[in-house]
Structures are given as C-alpha cells and as structure tokens.
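Asker: Mind having a look at this structure? Questions to follow.
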Amino acid sequence: MKKVLDENTQGNTLTLEARESNSKKLYLESYGCAMNFSDSEIVASILADDGYNTTNIMEEADLVLVNTCSIRDKAEQTIRKRLEKFNAVKRINPKMKVGVLGCMAERLKEKFLEEEKIVDLVVGPDAYKDIPNLLKEVEEGRDAVNVILSKEETYGDISPVRLGGNGITAYVSITRGCDNMCTFCVVPFTRGRERSRDPHSILNEVNDLGEKGYKEITLLGQNVDSYLWYGGGLKKDFKNASAMQQATATDFSQLLAMVAEAQPQMRIRFSTSNPQDMGEDVLHVVAKYENVCNHIHLPVQSGSTRILKEMNRQHTREEYMKLIDRIWDIIPDCSISQDMIIGFPTETEEDHQETLSLMEYVKYSFGYMYKYSERPGTSAARKLEDDVPEETKSRRLTEIVNQQQKHSAIRTASFLGKTVKVLIEKESKKDKDEWSGRTEHNNVVVFPKEDYKAGDFVLVKINDCTTATLIGEAVGYS
Ligand code: SAH
Ligand code: F3S
C-alpha cells in the first residue's frame, strides 16, 4: 500500500517537472486510494509555485508531507509508524517541517497536534490551496490547521505535477467527496460532499496529457457514475430545481464519450463505479468506443441483501446480479472486479455463503477483499456492535480470497493461446529483459523486450500464465 511518490522517479519526471528557480525541497509520501495519489500531484503543483521541488531523499527535505488514509485502522497504524520515523529525522534536523494531509488529517483535526508532537501542519483534502499560507504560520512559530471541507473545491484550475509516474499512465480526478453514506465508510466524513469538476477543465487536462505523450488515463471519483455538471455552473449556482433542469447538464456517460473522442489514441479507464448509479448509457459508451477499456471495477461489499441493507448500499443481491447480466449483454468480454468487506457486524455464516455464491455467479477477474474495520463516527460504529469474532473474520476472508484466486486463475487462463493488445508500462520486476504492461481488461502481461519501448502498444501472443499474470511474446505493433 505504501508508495513513495518519488521512488524510482525515472529522472525524466523529476527533471521535467523540477523548476530551477525553486530552492526548497519537498518530500511527499502517499497512502491509500488513487484519489490520494492524484491529490498529492495537486499539492506538488501548489508547492512548486511556492518554491519547492520534490525530492526522494527524506533526510534532505525542508518539508515532509504525508498524504494519509483512514479507510481502515491498519492504514492509520502504518502512517503513525511512519511519523515516528520522521520524528527521528526531525530530532537531527529540527528545521524540517512535517505536515499531515488527507483523510487522517480531516478525521483527527487538531487532535493530531496533541497526539503527534512532531506535526507542524494539518491539512484536510479541500484545503490544499491554503498550504502556502499555513507554512507561513508555521514559520512564525504557530501550529497550522485547515480542515475546512468545501462544497465547491475541485482543484479544476490546478494543473497537477505528475509525480513518480512513468509518463505513460495518469489519473484525472472528475469528482470529489461522496454523498452515499455507506454505514461502514469514513470517506463522506473525511472528503465531504460530492461535487463534480467542470468538464472543460477535465478535457483540457486530458488533452494536455495527450500532447505530453501519455497513453492511458483513469478518470477518478468515489462514485464516477454520479458525475453531473450543470451547463452554467455548479448546483448551487441555480435558483431552483427547474432552472437547473433547463440548463444543459453533462453526465458521466457524456463525459466519458467526450474524453474518448478527444483522445482516440489514448486508453481510457474509470474508477470507481457504483452499482446503484451505474446506468446502461455508460455501458453503451464503453461498448461503442474502442479506446474505453472493457473493464469495470464494481465493488459489491457483500453478497447478502440483508447485509447490503445494513451497509446502506442501495441495491439488493438480485439487482447487482441483473446489472452484471446487462454488462455482459452490452459488453460481452467485459472484465469485472470487486471490493468486498468480510465480517461486517451481524454477518452470519449464511450471509457469508451468499457472498461466496455471488462470487461464483460473477467469477470476478480480480478483487480487493478486506476484513471489516470499525471506523469511529460512522453509522455502523454508532449503531452496530463489531460482533464477528476475529478468527471468524480471518477464516471467512481466507475462504473469499481462495475463491477469488480460483476465479482469477480461470479468467487469466482464458487468454491462453490468444493475442492481446498490451500497453507497455515498465520493466518487469522479475526480469530486466522483459516488459510489463496491461491489457484493456487490466491483466498484467510480461514478455521479452526485444526492440519495443515503454509506451508502445504491442500485440502479444499469450503462451503461459500464472493466477494473475499473462506470459507471452510480442508479435508486432498494434
Ligand atoms: N467509493 C468506492 C469505495 C471507496 S473505499 C465504492 O463505491 O465502493 C474502498 C474500499 O474500501 C471499499 O469499496 C470497501 O470495500 C473498503 N472499505 C471501506 N470502508 C471499510 C471499512 N470500514 N472496513 C473495511 N473495508 C472498508
Ligand atoms: Fe464510501 Fe460508499 Fe462512498 S464505500 S466512498 S460511502 S460509495
């Protein structure tokens, strides 16, 4: 989960983005979801205008920022350990300032300064533009905190500094926050109300990435399907509902089509889709445009309608299964992945079996599976006892993971003997003579490098596979 943004920062990204006039050094570490990584690029951009270039050597930094995650207790514990490490460095170099950004900053607010004495600044996800002012306060010897959540901030006017990337794939955020209030989830509290970003600023960013030679973008939001932009402005700009309806609106399917048409050579991905909001119009756009990848990440969390209700997910098991059927009617080869929570309060053996049988029905290509972690302040934490014993959670998790591995193996093996289109992303970790890339279905493919380059689209004949990786040889450019 931990990823140092500047790790292996392929000189090019760093040198391209580094400004000669900047004399201060920023070390920025990010945890958690793709949105956090995307936000860190916005923070780096704001700080580049304030005299900071990024460094991957923490010890030489003037400012250390950690963009944090609160989604599960484990994530918070990992970050606290990292703060101890920063503390040790700060003891040697007291001038170094340390700041906490993101969801943990928002959740703990001022408490952070009391609990972690080394922290100089605490900034929530909607207050990044205020960091330069907050740093001045820190210079003047004050602790600085801004955790105000906004109903409007989308950072649409900031062009992100691409950090630690490969110059090939990039995230573009399209919505911020979430209005869904799933009972287990801390995101609505830490990231605030949902708001959509102006489609023009999204298109500008996508076109700019295209000009810079990027080959793939992922449109990001907690719930991309609820993206909605009202012609003249934000919801709040309209006097009433009918005025809003009269204005031209852009929904997610239209945005996706606009992006696909603007950059036909680029691969387009999107995440996360939400079963309650995913409409067929989106599926038709995915089917229509060659460059929109046939892969949908569709978290389900549980296969039991009773548990889904307790989670405040707005669909039943049957409705989810119907949606899966529609996906395959419209996009027959679509790969589907899941998020699952195991051991949600009151989950019985029967509920667990329902999850396993739903998985059997879908045979997901891959998935992310987690034990339920009670988050303070959420409705589940307030109303339901975390009553599934730890051993039961562990055993059920193992069963779910084994089931997923079995399905991943079946899905992966279905490509044996086929020729697939691969975007080369990087050198394979296991073999420096091999490339690693992905198919549109999000399968990782490794194959001998020959004369191909990172960023090339290549046709690869698949000869072998493991559970999660396809192994093959290139047969030409795509
Ligand atoms: N917006 C996405 C998910 C955001 S959080 C959606 O629509 O589902 C990413 C994943 O973390 C969730 O899908 C869920 O599976 C997991 N998660 C969230 N809160 C959790 C908790 N309290 N305990 C365990 N897993 C959790
Ligand atoms: Fe969390 Fe549910 Fe939103 S999982 S991010 S509240 S869709």
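The values are calculated or read from the model by the stated rules, or taken from the named source; none is laboratory data. Just so you know, these numbers come straight off a predicted model, no measurement behind them. Because the Cβ atoms are built from the backbone with ideal geometry, glycine has one as well, and the counts that use them run over all protein chains shown. Note: accessible area is taken over every heavy atom of the protein model, side chains too, but ligands, DNA and RNA are not part of it. Shrake-Rupley method; radii C 1.70, N 1.55, O 1.52, S 1.80 Å.
Asker: Among the candidates 254, 245, single out the residue that is of a type outside the set (A, V, I, L, M, F, W, C), in a helix (DSSP H, G or I) and at pLDDT below 95.
Answerer: Matching residue, one of 254, 245: 245.
Asker: Now, a different point. Please list, ordered by residue number, the helices (runs of 4 or more DSSP H) wholly in segment 32-127 having 1 or more residues that are more than 22 Å from residue 171 (Cβ to Cβ) and either out of contact with any Ser or Thr (no Cβ under 6 Å at 6 or more places or on another chain) or within 16 Å of ligand 2 (Cβ to nearest atom) (or both).
Answerer: Hits in segment 32-127: 73-92, 102-108, 111-115.
Asker: Of the numbered conditions (1) open to solvent by less than 10 Å² (accessible area, probe 1.4 Å); (2) touching a residue at least 40 places away in the same chain (Cβ under 8 Å); (3) of a type in the set (Val, Ile, Thr), residue 68 fails exactly one; give the number of that condition.
Answerer: Residue 68 satisfies every listed condition except (2).
Asker: For segment 178-217, which residues satisfy the criterion of being near ligand 2 (Cβ under 8 Å from one of its atoms), in a loop (DSSP other than H, G, I, E, B) and buried (at least 17 other Cβ atoms within 10 Å of the Cβ)?
Answerer: 178, 180, 182, 184, 185, 186
Asker: Can you tell me which residue is surrounded by the fewest Cβ atoms within 10 Å (Cβ to Cβ) among those in segment 255-304 that are hydroxyl-bearing (Ser, Thr, Tyr) and in the same structural domain as residue 198 (by TED's automatic domain parsing)?
Answerer: Looking at the filtered set, the residue picked out is 289.
Asker: Taking the conditions exactly as written (more than 16 Å from ligand 1 (Cβ to nearest atom) and among the β-branched types (Val, Ile, Thr)), does residue 131 satisfy them or not?
Answerer: So residue 131 fits the description; yes.
Asker: On to the next question. For residues that are within 17 Å of residue 52 (Cα to Cα) and over 28 Å from the mean Cα position of the chain (by Cα), scanning just segment 87-132, find the one that is most open to solvent (accessible area, probe 1.4 Å).
Answerer: The qualifying residue most open to solvent (accessible area, probe 1.4 Å) is 95.
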